[in-house]
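Heads up, the thing below is written out as structure tokens.
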Amino acid sequence: MIYSEKVMDHFQNPRNVGKIEDADGVGEVGNAKCGDIMKIYLKVDDNGIITDVKFNTYGCASAIATSSMATELIKGKSVDDALQLSNKAVVEALDGLPPVKVHCSVLAEEAVRAAVADYYQRKGIEKEIPGCSGNCSCCHLHDEHCGGDEE
Amino acid sequence: MKRIYMDNAATTAISPAAMQAVQQAWEVYGNPSSLHGAGREAFFLLDKARADVASALGAEKNEIFFTSGGSESDNWAIIGAAKLMQKKGKNEIISTAIEHHAVLHTLNALEKEGFKVILLPVSAEGYVTAEQVENAITENTALVTVMMANNEIGTIQPVSEIGAVCRSKGVLFHTDAVQAVGHIPVNVKEMNIDMLSLSGHKFHGPKGVGALYVRKGIRLPNLINGGAQESGRRAGTENLPSICGMAAALTEAIENMEKNTAKIVPLRDKLINGLTAVERTRLNGGRENRVPNNVSVCFEGIEGESLLLWLDAKGICASSGSACTSGSLDPSHVLLAIGLIHEIAHGSLRLSLSEHTTEEEVDYVLEVVPGIVKYLREMSPVWEKIVKEEK
Ligand SMILES: Cc1ncc(COP(=O)(O)O)c(C=O)c1O
């Protein structure tokens, strides 16, 4: 399997690795049984802008690279913009992922959404945010089970 | 950067002697089946290669059939034996949970055709026993197929004992010895083996060539039909250069086996001891009855593909049984069969050595791996949980 240079760069030099102790929102998705877990920490200012973001990921190279890229894409954006982040955007920003790895980008999208959902919950703001179904095979076998939108 | 190749269970570098044999055979362009001088020249080379492979296994020349590799040999032996015994009303096949896919997927295909397949479980150390095989044999047993050495965790199965059980019960016995031949002593007569698969590229021979030993008297039906090559049992003009290269590599491997083993085992053990000294790391497969070249460990809290790619970046070629590297949702069936949970099996690393492995290389690996493991653990939420639970 061949990864793009961008993927290898974000795997070997991941941006925003770490934790934020006093985070305003934390989201964890995935399942160790399936081989990938992503945890995203957000620091959000009073205007709803993401001023800092960090991640911790257990998984393959593409899981690490998509986490890294997803955090880059939402840094400095509003939480509502972050909610719009699609797995497709992450894949494109990485110059593509091998088909069997596209689920990692779905996981990154879900990790961001889970972190934003946590932020809203802590704020006491009600907001409907679709999250991870908790069913790994849904993402892993995206093409057959989820009518995935990747090519 | 110098490359450190520790993936010899995947494939090996071709040896100079094998390369020379291949090159010499390329010049002999005749068809071994032709009656003229050019054909005879090729036939003699083929005949010599067959004699060499036979003598390496303690077999007769006319019991060796050249194939396209380990997978074909496994398919032929298993499908052939199943068909042969089906005629006698026998439809059960006994094997193990840790076989190579060349065996397991062949068995799956036979299952769809109505055969009953029994996969014996292995111990936590990765072994089956002859007793398990004996207890599983019934009057309907068509075939027992148990690998000699496992490709992932290096465990050597008690093939001699299993062979004796099968012989005494009158049941056909096949062994996939792809990871064993050229690495540990093999004698098909002493071990009561009816059929044995081997593959050239696992002992410094060429890829895409192998052999199946079939004991004299077993009328194994053909897998590949056509011309009269290989005594009419395996059609297709022989891949003479590869066959000659394989025979040369095997002869060399057997000649140097003792010397190579004495060199590799201490390096293997140094790696095992060094890697398992990393906290929350386990050795896969028992220490005793292990092929000389195999190291397989699992690091908790990390995923194998990330580890492999970091090792690759440091010039080290290795392998893993994680789901990501297997291209499926599940980690390797072998690691699950020895009782590992998914989370731990995903963190596996296999290093397989050769006689060309040096102590410096081993030291370098031991210097590099713990740092990478630590780095990946530091960013792993799974490791975070493990550490929290410990407190
Ligand atoms: C135990 C075992 N059986 C069969 C095979 C298949 O051999 P080949 O690649 O020559 O078809 C391999 C090699 O990967 C193996 O390790």
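The values are calculated or read from the model by the stated rules, or taken from the named source; none is laboratory data. From a predicted model like this one, the values you see are computed outputs, not experimental measurements. Note that each Cβ is placed from the backbone with ideal geometry, even for glycine, and that neighbours are counted across all protein chains shown.
Quickly run through the stretch B:119-163 and pick out the residues that are surrounded by fewer than 21 Cβ atoms within 10 Å (Cβ to Cβ) and over 18 Å from B:GLY339 (Cα atoms).
Selection gives B:ALA130, B:GLU131, B:GLU134, B:ASN135, B:ALA136, B:ILE137, B:THR138, B:GLU139, B:ASN140, B:PRO158, B:SER160, B:GLU161.
Residue by residue through the stretch B:1-43, note down the ones that are in a loop (DSSP other than H, G, I, E, B) and over 30 Å from B:LEU309 (Cβ atoms). So that I can check it myself, show each step before the final result.
As a first pass, look at the stretch B:1-43 and keep what is in a loop (DSSP other than H, G, I, E, B): B:1-3, B:6, B:8-15, B:28-36.
Hits for the stretch B:1-43 are B:VAL28, B:TYR29, B:GLY30, B:ASN31, B:PRO32, B:SER33, B:SER34, B:LEU35, B:HIS36.
Assuming B:GLY321 fulfils every condition listed in (1) at pLDDT 95 or above; (2) within 14 Å of chain A (Cβ to nearest Cβ) apart from one, which condition is it?
Only one criterion is unmet by B:GLY321, namely (1).
Got a number for residues in the stretch B:195-238 being part of a strand (DSSP E or B) and within 16 Å of the ligand (Cβ to nearest atom)? Before you say what the answer is, go through the steps one by one.
Kept after step one, since they are part of a strand (DSSP E or B), are these residues of the stretch B:195-238: B:195-199, B:210-214.
Now narrow it down to the ones that are within 16 Å of the ligand (Cβ to nearest atom): B:195-199, B:210-213.
Number satisfying all stated conditions: 9.
Yes or no, residue by residue, for (1) facing another protein chain (nearest Cβ under 8 Å); (2) closer than 28 Å to B:GLU258 by Cα; (3) buried (at least 21 other Cβ atoms within 10 Å of the Cβ):
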| residue | (1), (2), (3) |
| --- | --- |
| B:ASN289 | no, yes, no |
| B:SER296 | no, yes, yes |
| B:CYS317 | no, yes, no |
| B:ALA337 | no, no, yes |
| B:HIS342 | yes, no, no |
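Right, A:TYR3: under 15 Å from B:GLU384 (Cβ atoms) and of a type in the set (Ser, Thr, Tyr) or not?
Details: under 15 Å from B:GLU384 (Cβ atoms): no; of a type in the set (Ser, Thr, Tyr): yes.
Against the criterion (under 15 Å from B:GLU384 (Cβ atoms) and of a type in the set (Ser, Thr, Tyr)), A:TYR3 does not qualify.
Can you tell me which residue is nearest to the other protein chains (Cβ to nearest Cβ) among those in the stretch B:350-384 that are of a type in the set (Asp, Glu) and surrounded by fewer than 17 Cβ atoms within 10 Å (Cβ to Cβ)? First the steps, then the outcome.
Within the stretch B:350-384, the subset of a type in the set (Asp, Glu) is B:355, B:359-361, B:363, B:367, B:378, B:384.
Imposing the further condition that a residue be surrounded by fewer than 17 Cβ atoms within 10 Å (Cβ to Cβ) reduces the set to B:359-360, B:363, B:367, B:378.
Numbers: B:GLU359: 29, B:GLU360: 25, B:ASP363: 24, B:GLU367: 19, B:GLU378: 8 Å.
Out of the qualifying residues, it is B:GLU378.
Filter the stretch B:217-233 for residues that are surrounded by fewer than 16 Cβ atoms within 10 Å (Cβ to Cβ) and among the aliphatic types (A, V, I, L, M); which is nearest to the chain's Cα centre (by Cα)?
B:ILE218
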